[in-house]
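Reading through the structure tokens given below for one structure.
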Amino acid sequence: MSDRSTHEQDADMTGTSAAATPVDAPTEVSAAPVGLSAIVKAYDVRGTAGEQLTAPVARALGAAFADLLDGAGMIVAHDMRVSSPELSAAFVDGAVRRGSRVLVAGLSSTDQLYCASGLHDLAGAMFTASHNPAPDNGIKLCRPGARPISRDTGLAQIRERAETYLAAGEIPEREGGARESVETLDDYVAMMLRLVPVPDCRPLRVVVDAANAMAGHTMPAVAQHLDAVTVVPLNFRLDGTFPSHEANPLDTSTLRELQDAVRRERADLGLAFDGDADRCVVVDETGTPVPPSAITALIAVREIARARAAGEDEPVVVANLVSSRHVGEAIAGAGGRRVRSQVGHSLIKALMAREDAVFGGEHSAHYYFRDFFFADSGMLAALHVLAALQETEGPLSALVAEHDPYVASGEINSRIADAAAARERVRAVMAPRPGTVIDDLDGMTVEHWAPDAAAADPAGTDASAAGLAPASPERWWFSLRSSNTEPLLRLNVEAEDAATMERVRDEVLDIIPQEATMPDASAPDAAAAESTAAGSASAGSAARGTEAPGTAAPSASDGVGPSTGGAHPGASRADVPSWVRSRLRCPVCRGELVDGTGTLECEACPRTYAVEGGIPVLIADRGEAAQD
């Protein structure tokens, strides 16, 4: 491995240190608020550090987690955020006070913590807010063996117990508690390389953007063992203030530096990791983002082949229902069986364990592996892509083209008071149509994709007899599901061609009355934010040059947007489709945006937002900066 500047990784970290041995702390917890419902989410804990998630709150949560485990041992680790050392030390203090033996792992990626949990067969707590902005922090919890904990399987009990400690103002001491430091990186590296060996068939050049986050800690340790891979590091210096950009690779604006570097360095591919490095987004040699569904299909085929070679007849792969239709086709073609799941990492992990699935993928770029304790790992996904590219002579764009045949809308969010009623209005319109199939797993999925929609009744005789129109030969499907945390209805559409996708998308949006529909860049919690930037968006192989995760696919006709409805750039030169333009809102106050000269201006507050290349840049701090 070429190591041009990876040694910058641990130098000059902002607000943290490599040592993580917690100091003794007082047991008073009365400084924190009693109600924790705002930060204890469906799958994790997340809030503003120092305001919602304070040291007393972390201490109470640590004590409550120890109680849930009945004093059993745990491993605690943290990312590079400024607040992480203090919060994790307080959590350890609370757990030790309630009788737990705590192994303190210090700096870690989330998948590194999962690895330690599995190898040590201990519960785990990871302090991170993943891709959230710098002021936030959170906790991802798991049971021994990296088994997930959700609101229904323990988080609610932890919240209630922690609230009790906060209300009482103290944590009673229980015997047996202790803490000691543990090193987990070497074991993690060994497991990564054992699970996905990368052959040395040809030299590869890869640009890796760590976003000043935890991939800057793990990638150098792994990559030094990849003799044929030259890593060009971007933002490897750990810095919890995220000086380069937020660590959210599903926000396509954060990929620009990586895309430019891939082209400048003539690299074979680029990898972008999120804050805790459990997710990885891939860009090809042209800088074009590869849809996560295409990566899911690619890895699924490889894992199925490996399992079949080991004697499994029909290996199972779990993919959430928003993943591309091609994922199921690729699984079947490789001799596997797809099991559809609801959206949510705890749900997919539990389903994988029940089905003994060899692999699982989500449209949000989470990839799960049976041999990795059914846990997700951005590093394993990255190694799979490198290994697959080593095994072919062509570029990455050609390798993934076969796994990206359809056109997808990306995830479109409608803010609506009664999501169930809106779904029923859509059902009433779609259900009578010949060839349409509806199921209700995690909201509603409507499919019009028979092997040949008109073949069974080419003349439309059966439909006419029933008083219906003949079945359309079009092939499309869409998912309409509610957010668990906000009054949002999430729409994902995929079709065989761009025109059909656009028509179905616009028809469904017309049926749904809404307050606002826009990419939800400010979702407040993990489940909302990670699924909002839905990486299943794809323009298909023919139009990949302009699509990106989390964005609607461009029209094949104009490369900008849907031909139906058109784009109406005004003085702002915001060159977006009218159905998008009419629903754009200020991300700070939710006010309506009107055209300014080269900008969009909020009518409700003084903020203005830049328009770059016809694309509105709706980022709060950019808008505030524009005022100054």
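The values are calculated or read from the model by the stated rules, or taken from the named source; none is laboratory data. From a predicted model like this one, the values you see are computed outputs, not experimental measurements. Cβ coordinates were reconstructed from backbone atoms using ideal geometry, including for glycine residues, and neighbour counts include every protein chain displayed. We work out accessible area using only protein heavy atoms, side chains counted, and drop any ligands, DNA or RNA first. Shrake-Rupley method; radii C 1.70, N 1.55, O 1.52, S 1.80 Å.
With Glu265, Glu329, Glu312 as the choices, which residue is of a type in the set (Asp, Glu) and under 16 Å from Tyr406 (Cβ atoms)? Don't jump to the end; show me each part of the working.
On the way: Glu265 fails: under 16 Å from Tyr406 (Cβ atoms); Glu312 fails: under 16 Å from Tyr406 (Cβ atoms).
Exactly one of Glu265, Glu329, Glu312 is of a type in the set (Asp, Glu) and under 16 Å from Tyr406 (Cβ atoms), namely Glu329.
Collect the residues in region 142-194 that are in contact with a strand residue (DSSP E or B) (Cβ under 9 Å, 6 or more places away or on another chain) and surrounded by fewer than 17 Cβ atoms within 10 Å (Cβ to Cβ), keeping them in residue-number order.
Thr153, Ala156, Gly176, Ala178, Glu180, Ser181, Glu183
Before we move on, is Ser324 in contact with a Ser or Thr (Cβ under 6 Å, 6 or more places away or on another chain) and either surrounded by fewer than 24 Cβ atoms within 10 Å (Cβ to Cβ) or more than 14 Å from Tyr367 (Cβ to Cβ) (or both)?
Considered against the rule, which asks whether it is in contact with a Ser or Thr (Cβ under 6 Å, 6 or more places away or on another chain) and either surrounded by fewer than 24 Cβ atoms within 10 Å (Cβ to Cβ) or more than 14 Å from Tyr367 (Cβ to Cβ) (or both), Ser324 comes out as yes.
Confirm whether Asp209 is modelled with pLDDT of 95 or more, touching a Leu at 6+ places or on another chain (Cβ under 7 Å) and open to solvent by less than 10 Å² (accessible area, probe 1.4 Å).
On the way: modelled with pLDDT of 95 or more: yes; touching a Leu at 6+ places or on another chain (Cβ under 7 Å): yes; open to solvent by less than 10 Å² (accessible area, probe 1.4 Å): yes.
Here the answer is yes, as Asp209 does meet what is asked.
Quick check on region 334-354. Is at least one of its residues among the β-branched types (Val, Ile, Thr), closer than 22 Å to Thr110 by Cβ, open to solvent by less than 10 Å² (accessible area, probe 1.4 Å) and without any contact (Cβ under 8 Å) to a residue 40 or more places away in the chain? Talk me through it step by step, then tell me what you get.
So the first thing to find is which residues in region 334-354 are among the β-branched types (Val, Ile, Thr), and the list is 339, 343, 348.
From what is left, the residues that are closer than 22 Å to Thr110 by Cβ are 343, 348.
Still in the running and open to solvent by less than 10 Å² (accessible area, probe 1.4 Å): 348.
Among the residues that remain, those that are also without any contact (Cβ under 8 Å) to a residue 40 or more places away in the chain are: 348.
Looking through region 334-354, at least one residue is among the β-branched types (Val, Ile, Thr), closer than 22 Å to Thr110 by Cβ, open to solvent by less than 10 Å² (accessible area, probe 1.4 Å) and without any contact (Cβ under 8 Å) to a residue 40 or more places away in the chain.
Looking at Phe369, Phe359, can you tell me which residue is in the same structural domain as Leu298 (by the TED database), in contact with an Asp or Glu (Cβ under 7 Å, 6 or more places away or on another chain) and modelled with pLDDT of 95 or more?
On the way: Phe369 fails: in contact with an Asp or Glu (Cβ under 7 Å, 6 or more places away or on another chain).
Residue meeting the stated conditions: Phe359.
Considering (1) at pLDDT 95 or above; (2) under 19 Å from the mean Cα position of the chain (by Cα); (3) buried (at least 24 other Cβ atoms within 10 Å of the Cβ), say which one Thr254 fails and leave the rest.
Going through the list (1) at pLDDT 95 or above; (2) under 19 Å from the mean Cα position of the chain (by Cα); (3) buried (at least 24 other Cβ atoms within 10 Å of the Cβ), Thr254 breaks only (3).
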